[in-house]
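This report refers to the structure that appears directly beneath it.
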Amino acid sequence: MSAFAIETHGLTRRFGEFVAVRDLTFHVAQGEVFGFLGANGAGKTTAMRMLIGLLEPSDGSAQVAGYDIATDSEAVRRNIGYMSQKFSLYDDLTVQENITLYGGIYGLSNAQIAERTHALLGRIGLEHARKELVRRIPLGWKQQLALSVALLHEPKIVFLDEPTGGVDPITRRRFWELIYETAAAGTTVLVTTHYLDEAEYCDRLSIMVEGAIAAMGTPGEVKREFGVTSLDELFLQLTRPGAA
Amino acid sequence: MDVAAPPAVDVRAFTRRFGDVTAVDSLTFDVRPGELFGFIGPDGAGKTTLFRTLVTLLVPDAGSVRVLGYDVVTDLWTLRSRVGYMPGRFSLYPDLSALENLRFFASVFGTSVEEGMSIIEPIWRQLAPFADRRAGALSGGMKQKLALCCALVHAPEILFLDEPTTGVDAVSRREFWDLLDRLRDGGLTIVVSTPYMDEASRCDRVALMQQGRILLVDTPAAIRAAYPRPLFAVQAPDRLGILAVLRRFPHAAAVWPFGDVLHYTDARAGMDDGAIIDEVRAFVQANGVPSPGISAIPAGIEDAFMWHMAAGTAGEQVG
């Protein structure tokens, strides 16, 4: 079993002639907050879909939460959580119904669901809204709820796909505090974002360019390696080599 | 930009409700001819309701909304052909080619692609290699450029862009703003909305919006300059540790992470920066944080937005 939460070797995905992800080799340690960055079309989504067991690799291998993504994708999906800005909760169900539904899907008992609902709503201060339709609660709370629900089955790793898109700057920062709490409790976090200031909050990060990893390390390491003062500058240099 | 000319957009006490939700709450502002005017705010601020009203697709519940001197309710047919609108959601025909979409929008407005070409040429040039590709199969960046061409092909006098850069990476966003700069330099009035605070600096004036209200309207420089308290960047290896310590400092008005530093706002207006730095350093050192880097900095738009947002939410603790 891999000592890492995520470990990939030469992970590659082709669509016909097009190589969407090329020879991805990296690892993420337990409890780490790992930023997964890249321009639109750089291959982040394809790579993420492979890592969560939804898309088979064309070549290479990856272990996620200790399971092989190609031969054991079912076990991978049981041991991870996933949240995206675009979809994670059912708007027409109440807060409680969403939690119960997810708990049921992941095979939790009624007693477990009741106990974890209580703890979860207490932590994010949403107990009063238990019977509200999700559609009616503010976006900031919805996002904290979505993350908490993605963590309901106590996964070893949670994948966050642009979790803070469109939210106000205060809610965005509160959400990151929740990310830190999650990692401090031992859950590994892999997060994508278009906010480069948020990339600075990661323990380590990678920047994908045209399907391959072009830079990887702690924010400080990659800035030193490329001789830049900000991740914004590095992102520009890597994604538009002529323009920098 | 002509300050004396009548406004290109003139909105007074505009309110719009949906059921018991007030999406836009008594907005008053104007946009001058030739201005690049930005609405900056998160999802749910009311930006889309405002834009849909400005382009005659929604009617106000109260107040008056005039664009190019025309009322959006009574003069809608006069107005329709004079405004360009790029909605936030991709709204072209995915099964038509890029060129077919462009032809369609040109014909709806009684013009032709050839007639509109002088306006859209700099943008269309980048799209031309994909003219025959289905719009649904274009990349995100190309879809965005096609939508902009379709909104401009009938030579509108004013262009409304609702969140054109949402979900777009930092570098592509910058390139899109370069395009808007060129259009504005050509004399077009542009009203644009965005959730990204860093885009405010690309506008002549911005309105900061939150929960259906305008917090502030001004030039980006004036908004930054009007930050009401001393602001400092604080740097230390253990960011979480120093964040917790600084929030306990009795004179802290706000403490937020900003990339690789923290932004610390002191509650005492008019106090000497050096004296504040000495006090803050002494306090964090007494709490076990070894000598952090602290320097006074000018406020950014995001600092200003958070300050006004927190000031508006009564009773809630700041940072």
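The values are calculated or read from the model by the stated rules, or taken from the named source; none is laboratory data. All values derive from a computational prediction rather than experimental measurement. Cβ coordinates were reconstructed from backbone atoms using ideal geometry, including for glycine residues, and neighbour counts include every protein chain displayed. These accessible areas exclude ligands, DNA and RNA; they are computed on the full protein's heavy atoms, side chains included. Shrake-Rupley method; radii C 1.70, N 1.55, O 1.52, S 1.80 Å.
Observations on the model:
- Of the residues making up segment B:236-272, those that are aliphatic (A, V, I, L, M), at pLDDT below 90 and not in a loop (DSSP other than H, G, I, E, B) number 1.
- Any chance A:Ala212 is more than 11 Å from chain B (Cβ to nearest Cβ), among the aliphatic types (A, V, I, L, M), open to solvent by 20 Å² or more (accessible area, probe 1.4 Å) and in contact with a Lys or Arg (Cβ under 7 Å, 6 or more places away or on another chain): yes
- Filter result for A:Leu147 (away from every other protein chain (no Cβ under 11 Å), open to solvent by less than 50 Å² (accessible area, probe 1.4 Å) and among the aliphatic types (A, V, I, L, M)): yes
- When the criteria are applied in full, A:Gln63 meets the requirement of being polar (S, T, N, Q), buried (at least 17 other Cβ atoms within 10 Å of the Cβ), touching a residue at least 40 places away in the same chain (Cβ under 8 Å) and farther than 25 Å from A:Phe175 by Cβ.
- Looking only at residues of segment B:296-312 that are under 18 Å from B:Ile214 (Cβ atoms), open to solvent by 20 Å² or more (accessible area, probe 1.4 Å) and more than 9 Å from every other protein chain (Cβ to nearest Cβ), we find that the one that is modelled with the lowest pLDDT is B:Gly312.
- Residue match in segment B:195-216 (condition: open to solvent by 10 Å² or more (accessible area, probe 1.4 Å), among the small types (Gly, Ala, Ser) and either touching a residue at least 60 places away in the same chain (Cβ under 8 Å) or in a loop (DSSP other than H, G, I, E, B) (or both)): yes
- Test for B:Pro292: is it out of contact with any Ser or Thr (no Cβ under 6 Å at 6 or more places or on another chain), open to solvent by less than 20 Å² (accessible area, probe 1.4 Å) and not hydrophobic (A, V, I, L, M, F, W, C): yes
- Among the criteria (1) surrounded by 22 or more Cβ atoms within 10 Å (Cβ to Cβ); (2) more than 14 Å from chain B (Cβ to nearest Cβ); (3) within 24 Å of B:Asp43 (Cα to Cα), the one A:Ala129 does not fulfil is (1).
- Count of segment A:195-207 residues, restricted to those that are in a strand (DSSP E or B) and away from every other protein chain (no Cβ under 11 Å), is 3.
- Count of segment B:168-185 residues which are over 14 Å from the mean Cα position of the chain (by Cα) and either small (Gly, Ala, Ser) or in a helix (DSSP H, G or I) (or both): 11
Let's see how each residue does on (1) on the phi > 0 side of the Ramachandran plot; (2) without any contact (Cβ under 8 Å) to a residue 40 or more places away in the chain; (3) not polar (S, T, N, Q):
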| residue | (1), (2), (3) |
| --- | --- |
| A:Ala5 | no, no, yes |
| A:Thr12 | no, no, no |
| A:Phe18 | no, yes, yes |
| A:His27 | no, yes, yes |
| A:Asn40 | no, yes, no |
| A:Ser58 | no, no, no |
| A:Glu74 | no, yes, yes |
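- Just one of the numbered conditions (1) within 14 Å of chain A (Cβ to nearest Cβ); (2) without any contact (Cβ under 8 Å) to a residue 40 or more places away in the chain is not true of B:Ala131: (1).
- Flag for A:Thr239 being over 30 Å from A:Val95 (Cα atoms) and modelled with pLDDT under 90: yes
- Residues in segment B:61-77 that are surrounded by fewer than 22 Cβ atoms within 10 Å (Cβ to Cβ) and modelled with pLDDT of 95 or more: B:Asp61, B:Ala62, B:Gly63, B:Ser64, B:Arg66, B:Leu68, B:Gly69, B:Tyr70, B:Asp71, B:Val73, B:Thr74, B:Asp75.
- On inspection, B:Leu127 passes the criterion of being touching a helix residue (DSSP H, G or I) at 6+ places or on another chain (Cβ under 7 Å) and either farther than 18 Å from B:Glu157 by Cα or at pLDDT 95 or above (or both).
- Subset of segment A:225-240 [facing another protein chain (nearest Cβ under 10 Å) and either surrounded by 16 or more Cβ atoms within 10 Å (Cβ to Cβ) or within 25 Å of the chain's Cα centre (by Cα) (or both)]: A:Ser230, A:Leu231, A:Asp232, A:Phe235, A:Leu236, A:Gln237, A:Leu238, A:Thr239
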